[in-house]
1. Sorting R31, R54 on the 10 Å Cβ count, fewest up front, what's the list?
2. Per residue of the range 66-77, in order, report the coupling 6.51 cos²θ - 1.76 cosθ + 1.60 (Karplus, θ = phi - 60°) as ³J(HN,Hα) in whole Hz, putting x for Gly and Pro.
3. Return D26, D63 ranked ascending by Cβ neighbour count within 10 Å, so the fewest neighbours appear first.
4. What are the ³J(HN,Hα) couplings of the range 47-63, residue after residue, when phi is run through the Karplus curve with 6.51, -1.76, 1.60 and θ = phi - 60°? Round to Hz, x for glycine and proline.
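Please treat every number below as a calculation from the coordinates, not as lab data. Quantities reported herein were computed from a predicted structural model and do not represent experimental measurements. With ideal geometry, Cβ positions are generated from the backbone for all residues, glycine too; neighbour counts draw on all protein chains shown.
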Amino acid sequence: MPGQRKGGIWLRLHALANRPDDHGVDADLVRQGPGNEKDRLTLLRQHQQHVTSRIGQLTECLDLISYKVKVYEDHVAQGTASQLWSASSVAENE
C-alpha cells in the first residue's frame, strides 16, 4: 500500500487526525470483518474531512508566522528591530 510505513496507516491517520471521539472505532470495524465496508468508508470520509479542515487551519497559522517572520526580517535589515518590542509597534503589527 502506498505510503504505509512502520506503525501502519491507521496509526498515522489517528495521529494526524487527532480525533479521540472515534478512537478505536475503525479498528473495531476491521476486527468485525466483512459486511461493514460502508461504515468504514463513512469513517474514512470523516477523517478526510477533518484532516482537510486541519490543513486549512495549519495553513492559516503558517501564513501568520510567515508574515511575522517578514516583519522581523525587515526590521532587522533596517536596524529598527528594537521597535518590535514597543507596545505601539505590537498593536500596529497585529
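1. R31, R54
2. Calculated HN-Hα couplings, in order: 4, 4, 5, 4, 4, 4, 5, 4, 4, 5, 5, 5 Hz.
3. Ascending Cβ contact count within 10 Å gives the list D63, D26.
4. So the J values, rounded to whole Hz, are 4, 4, 5, 5, 5, 4, 5, 5, 4, x, 5, 5, 5, 4, 4, 4, 4.
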